[in-house]
Amino acid sequence: MPDATEQLQPLGESFSDRAHQDLTGHLGMWAWLASEVMLFGGLFLGYAIARVTYPEGFAEGSRELDVFLGGLNTYVLLGSSLAMALAEHAAKAGRRRPLLINLGAVLLLGGLFLAIKFYEYYDKALKGHVPGADFEFSGEHPQAVELFLFLYFTMTGLHALHMLGGLSVIGGTFLRTAVTGRMPGPLFVTATALYWHFVDIVWVFLFPCLYLVR
Amino acid sequence: MKNEVIPNDLAGGRDYLRSGTGLRSWLLTTDHKRIGLLYLISITVFFAVGGIAATLMRLELATPSLDLFLGDSYNKLFTLHGVVMVWLFLIPSIPTVLGNFVLPLMLGARDLAFPRLNLASWYVFNAGAAFTLWAMVSGGVDTGWTFYTPYSSTYTNSHVILMAAGVFITGFSSIFTGINFIATTHKLRAPGLHWMRLPLFVWSLYATSLILVLATPVLATALLLIAAERLFGVGIFDPALGGDPLFFQHLFWFYSHPAVYIMILPGMGVVSEVVATFSRRRIFGYAVVAFSSMAIAVLGFLVWGHHMFVSGQSVYAGVVFSLLSFLVAVPSAVKVFNWCTTLIKGNMRLDTPMLYALGFIGLFTIGGLTGLFLAALAVDVHVHGTYFIVAHFHYIMVGGMVMGYLGGIHYWWPKISGRMYHEWWGRISAIIIFLGFNLTFFPQFLMGYLGMPRRYSHYPEEFQPYHLLSTAGATILGVGYLLPLIYLGWSAFKGRRAGPNPWGATGLEWSTHSPPGKTNFTRTPLVHEEAYDFSEAPEEKEANRAGRD
């Protein structure tokens, strides 16, 4: 439906046709993801250094995290990626209903992930496990555990911010498609999906590093 | 010149400057040329701010005792100078002003790949700059531009978080620009303009963009962690809290060393353009010069540890970083040799841009060679943290990049403004800047070698002659920087009209009108020839097309 997509994303004046513009958009997204890898890379490096320095403290800190909730969240997020892949497929096939259903599933599962994540933060706050002046911990390595939790909050917090960014773009696409009845450009959905899968992959690394080193 | 001249779309005599007037048409523009000019205004302001800070420092240093400032204010002054000059001037300078303006023109495109992202980058840049200036007026930061921990994270009472937030935000504008340039270079080249026909300025911008995209986020991580550490009092950097201060230096220099190449590569690109145009000859060894930009970008990521030779880093790491630092000098030297060969074989003309380019070549060579002194482990121990370092990087940054930037501004000014500046004033100020620069910074090599530490507000009397020379040179340099502001500003309104191609240069940007129309070209240009093809005879052209030098 080239006419319908024309309305959503007008063709930029630099481009000869839509495929050209979409491929350029993909390239831009890949470059952005490369940048994101480096952003998280710095944090993973900090994690690696601190963990090598304090292996026991990190194991102790990791035991403070809830593996069940972390594991559940991993399934939730992988499920959302599956839905995103199906949404991309539906967009390519030009099928509106499956697109809306799958985007809706991404929004629900992403929202569920954040809800579980924020519950975990709330739980930490109740126990006084938020790093800072009010930090309380009675175990053997309080300083290393505080460092571990500092990294936990920074890394998962940055990840959650990325989830929020992705969800607002997907939410916008969902609403426009539902309200106007026009399909988004399939390659635009692909670029969004690329970003979503990237956020998913970051979590796939975060989960074992934080929850499974006990 | 021999690329066909493309008829312009100057409907009713409207070029990009006159198509749409009023503040709104400028502030909401997505035209890469106008955004380039917006950036030009922003960074000129910041250059002035950083320059005033430098002037005040040089005034204070004219005498050994403290006269104008307290030691603490002096610390804030050099921090301000460093932060503003690095992040608000040097990093954006050539890419966002000249790159923005010229890149689509050189590629035969109507605009950058993502015009709105381009405009967004200007707003993000100014937002970040606003934070930085806010930090300055609310009391300043005294850590130096390097924000070394644990001083910056634990001890100082100055406004580190605000300043870090400012730098963090401007980082996003760098990343946006980088993404835009990469996508544009890959996808918006005119038919026939394959990679080995690209002007060398495009190659250098492409290499710069790779660094912008891959290194800037690591600085973001470092600043994020510093801010978090100050806010929550948890230490990933503070050893008293279980952290590792060296880790900060690794993160910081993993960005900031490649950032040196962000600052110098575009300048090298300008010099390649100018040298080819004003010696009327194809750059000797075009392919080698193009690939040396890429080599610098890649190797530049592997040398950050040479900033930490005396920071307690492992000696073995030091040896490896030293070796790699020597390696990165090879592609830089390749460029210098190839420019010189081009000059020798060419037919030189000493117009203003060429004077700047020649200045760049000489000063960059001095800066680069002293860089090799510093890359040698033992020598570095002797001169680390002295004015030798200060002189070294100012030869690269000011002697190199600022000369390249001014050369580029003069070279493309007829295209940007449609008018010629006063050639005599141009040459005079180029010479004044060259002389003033050397008088300012050469004495710093000497006093650094003799042991004058950097960042000190007062010093033993024996160093005063050097400091006096340096301050005197800074005065001359200041005059040299004011002159272009005046005569370029004047020429923008009163200058003689420039034709499409006043220099007789090659390249697509010279095949359209000066100033170009809003969409650059009325139809997509076709490219039939190699870059810098100055030959007239058809058989010579044929030889060039086959890639022979």
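The values are calculated or read from the model by the stated rules, or taken from the named source; none is laboratory data. Remember, it's a predicted structure, so these values are computed and weren't measured experimentally. In this analysis, Cβ positions are derived from the backbone assuming ideal geometry, glycine residues included, and neighbour counts consider all displayed protein chains.
Just a few scattered comments:
- Residues that are farther than 30 Å from B:W122 by Cβ and of a type in the set (S, T, N, Q), drawn from the stretch B:37-86: B:T63, B:S65, B:S73, B:N75
- Residue match in the stretch B:411-427 (condition: in contact with a His (Cβ under 8 Å, 6 or more places away or on another chain) and at pLDDT 95 or above): yes
- The sole residue among B:T177, B:T149 that is farther than 30 Å from B:F521 by Cβ, of a type in the set (S, T, Y), crowded, with 23+ Cβ neighbours inside 10 Å and touching a residue at least 12 places away in the same chain (Cβ under 8 Å) is B:T149.
- Within the stretch B:385-405, the set of residues being at pLDDT 95 or above and either over 19 Å from B:I94 (Cβ atoms) or polar (S, T, N, Q) (or both) comprises B:T386, B:Y387, B:F388, B:I389, B:V390, B:A391, B:H392.
- Hits in the stretch B:236-250 (condition: outside any helix (DSSP H, G or I) and within 8 Å of another protein chain (Cβ to nearest Cβ)): B:I236, B:G242, B:G243, B:D244
- Number of positions in the stretch B:266-305 that are in contact with a Phe, Trp or Tyr (Cβ under 6 Å, 6 or more places away or on another chain), closer than 29 Å to B:Y255 by Cβ and either of a type in the set (G, A, S) or surrounded by fewer than 24 Cβ atoms within 10 Å (Cβ to Cβ) (or both): 5
- Exactly one residue out of A:G157, A:G171 is of a type outside the set (F, W, Y), in a helix (DSSP H, G or I) and more than 14 Å from every other protein chain (Cβ to nearest Cβ): that is A:G171.
- Extreme residue, nearest to B:P515 (Cα to Cα), among residues of the stretch B:22-36 that are more than 16 Å from the chain's Cα centre (by Cα) and crowded, with 19+ Cβ neighbours inside 10 Å: B:K33
- Applying the set (1) modelled with pLDDT of 95 or more; (2) under 28 Å from B:L103 (Cα atoms); (3) among the hydroxyl-bearing types (S, T, Y) to B:T506 leaves exactly one unmet item: (1).
- Verdict on A:G57 being more than 24 Å from A:L161 (Cα to Cα) and crowded, with 20+ Cβ neighbours inside 10 Å: yes
- Test: B:V160 is within 17 Å of B:A228 (Cβ to Cβ) and of a type outside the set (G, A, S): yes
- When A:S80 is tested against (1) touching a residue at least 24 places away in the same chain (Cβ under 8 Å); (2) under 30 Å from A:G57 (Cβ atoms); (3) among the polar types (S, T, N, Q), just one condition goes unmet, and that condition is (2).
- Elements of type helices (runs of 4 or more DSSP H) contained in the stretch B:57-137, each with 2 or more residues being closer than 30 Å to B:G418 by Cβ and not charged (D, E, K, R): B:100-107, B:115-137
- Against the test of being exposed (fewer than 15 other Cβ atoms within 10 Å of the Cβ) and either touching a residue at least 60 places away in the same chain (Cβ under 8 Å) or of a type in the set (D, E) (or both), the options B:E536, B:E529 yield a single qualifying residue, B:E536.
- Boolean, A:E140 is outside any helix (DSSP H, G or I), exposed (fewer than 12 other Cβ atoms within 10 Å of the Cβ) and in contact (Cβ under 8 Å) with a residue 60 or more places away in the chain: yes
- Residue in the stretch B:152-162 that is part of a helix (DSSP H, G or I), facing chain A (nearest Cβ under 10 Å), under 23 Å from B:A127 (Cβ atoms) and among the aliphatic types (A, V, I, L, M) present: no
- Selection status of B:V383, within 25 Å of B:F463 (Cβ to Cβ) and among the aliphatic types (A, V, I, L, M): yes
- Selected residue (only one of A:S80, A:S62 is under 16 Å from A:L151 (Cα atoms), of a type in the set (G, A, S), away from chain B (no Cβ under 14 Å) and out of contact with any strand residue (DSSP E or B) (no Cβ under 6 Å at 6 or more places or on another chain)): A:S62
- Scanning the stretch B:208-235 for residues that are facing chain A (nearest Cβ under 9 Å) and β-branched (V, I, T) returns B:V213, B:T216, B:V218, B:T221, B:V234.
- Within the stretch B:191-207, the presence of at least one residue that is within 11 Å of chain A (Cβ to nearest Cβ), at pLDDT below 95 and over 17 Å from B:V97 (Cα atoms) is confirmed.
- Criterion: surrounded by fewer than 24 Cβ atoms within 10 Å (Cβ to Cβ) and assigned to a helix (DSSP H, G or I) - qualifying residue of B:L205, B:L214, B:L219: B:L214
- Sole exception among (1) charged (D, E, K, R); (2) in contact with a Pro (Cβ under 7 Å, 6 or more places away or on another chain); (3) within 14 Å of another protein chain (Cβ to nearest Cβ) for A:K92, by number: (3)
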